[in-house]
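Next up is a structure, given as structure tokens.
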Amino acid sequence: MSSATDRPLSGIRVTGLEQYIAGPYCTMALADAGAEVIKIERPGSGDPRRAMPPFAEKDGVKKGAGFMAYNRNKKSLGLNLRDPKGQDIFRKLAMASDVVVENPRPGSMSKLGLGHKNMRALKPEMVWAIISGFGRMDGMRGPYSDRPAFDIVAEAMSGIMNIVGFADKPPSWTIYGMADIHSGLTTAFGITQALFMRARTGQGQLVDSAMFDNMLSLN
């Protein structure tokens, strides 16, 4: 295996405001390509998938297998973003990063004054990616853009669930995390394009990734 210093994204720092699967899978792909990824987690509990079964156990220590599957090659930082001190640390970290990936509940970071508009105004060359259920870009937002969404919601609303399973039974879930994983890969692809354009223009971009749109493209 090649070392991190000779991979495509070596020298790129990514801050991941992430949880569950979509955001973590996106930043994991970037980390595999050599980026330094710093994952922001809730103090005390961390990413919810740390406590979700099935568990891998070694020497009496249990770890969520799903968490391990989507978070390799990363660093982790517990940070309370509701505390002014935590917010200040995040701002400094974001200013020292090339990329920020966000996938908490839509609008939650903006309410804290830590959304992409505030942060990219301070650092225009930053690439900021948002993964949400229905998209967050101004001028392109639909009636559901403020709603939270999990994997199964995107699968159902896009029609994917209606074309799998059995004719005499209700629509079926495809594979666990399909919408999350596909959205994570799609977002990682968008981020690499934005970094390529930044090398040309010196300017960063907003990468807006909607799980519903991503699944509709597969239907």
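Note the count of lysine pairs whose C-alpha atoms are less than 20 angstrom apart in the range 45-91, limited to pairs 8 or more residues apart or on different chains.
Working: Lys62/Lys74; Lys62/Lys75; Lys63/Lys74; Lys63/Lys75.
Total qualifying Lys-Lys pairs in the range 45-91 comes to 4.
Placing unit charges on C-beta atoms (Lys and Arg positive, Asp and Glu negative, everything else neutral), compute the dipole magnitude of the range 4-216 about its Cα centre in debye, rounded to 20.
Details: 27 positive and 21 negative charges, 131 e Å.
That gives the range 4-216 a dipole magnitude of about 620 debye.
Report the extension gain between Arg91 and Met52 in nm, rounded to one decimal, defined as 0.36 nm multiplied by the number of residues separating them, less their alpha carbon distance.
Once the chain is fully extended between Arg91 and Met52, it gains 11.0 nm.
Scanning the chain for trypsin sites (Lys or Arg not before Pro) in DSSP loops with at most 14 other Cβ atoms within 10 Å, what's the longest stretch left with none?
83-219
Please report, largest first and rounded to whole Å, the three semi-axes of the ellipsoid equivalent to the range 127-175, where each semi-axis is the square root of five times an eigenvalue of the C-alpha gyration tensor.
28, 11, 8
Considering the dipole of the chain built from charges on the beta carbon (Lys and Arg +1, Asp and Glu -1) around the Cα centre, which of Ala22, Pro171, Leu114 is farthest to its positive end?
Positive-end residue among those listed: Leu114.
So what J values fall out for the range 63-72 if you push phi through Karplus, 6.51 cos²θ - 1.76 cosθ + 1.60 with θ = phi - 60°, rounded to Hz, Gly and Pro as x?
Each residue's phi maps through the Karplus curve to give 9, x, 4, x, 5, 5, 5, 10, 9, 6 Hz.
Would you compute, from DSSP H runs of 4+ residues alone, the mean residue ellipticity of the chain at 222 nm, taking -39500 (n - 2.57) per run and dividing by the full residue count, rounded to the nearest 500? Write out the running numbers ahead of the final one.
Values: 8 runs with 78 residues, N = 219.
Helix contribution divided over all residues of the chain: -10500 deg cm²/dmol.
Enumerate by residue number the chymotrypsin sites (Phe, Trp or Tyr not before Pro) in the range 124-219 meeting two conditions: DSSP loop (anything except H, G, I, E, B), and at most 13 other Cβ atoms within 10 Å of the site's Cβ.
Hits after loop and neighbour filter: Phe166, Tyr176.
Once the other residues with Cβ under 12 Å from the Cβ of Ile181 are scored (Lys, Arg +1; Asp, Glu -1), what is the net sum?
Surrounding charge for Ile181 is -3.
Taking a ≥ b ≥ c as the square roots of the Cα gyration tensor eigenvalues, with a/c under 1.5 meaning rounded and otherwise prolate when a/b beats b/c, else oblate, which class fits the range 80-125?
Cα axes put the range 80-125 in the oblate bin.
Right, here's the next one. Output ³J(HN,Hα) for the range 155-163: one whole-Hz value per residue in order, computed from phi by the Karplus curve 6.51 cos²θ - 1.76 cosθ + 1.60 with θ = phi - 60°, and x for Gly and Pro.
Coupling constants for the range 155-163: 5, 6, 5, 7, x, 4, 5, 7, 10 Hz.
FYI, it's all coordinate maths here, none of it is from the lab. In this text the structure is predicted, and so the values were computed from the model without any measurement. FYI the Cβ positions are ideal-geometry reconstructions off the backbone, even for glycines, and counts take in every protein chain you see.
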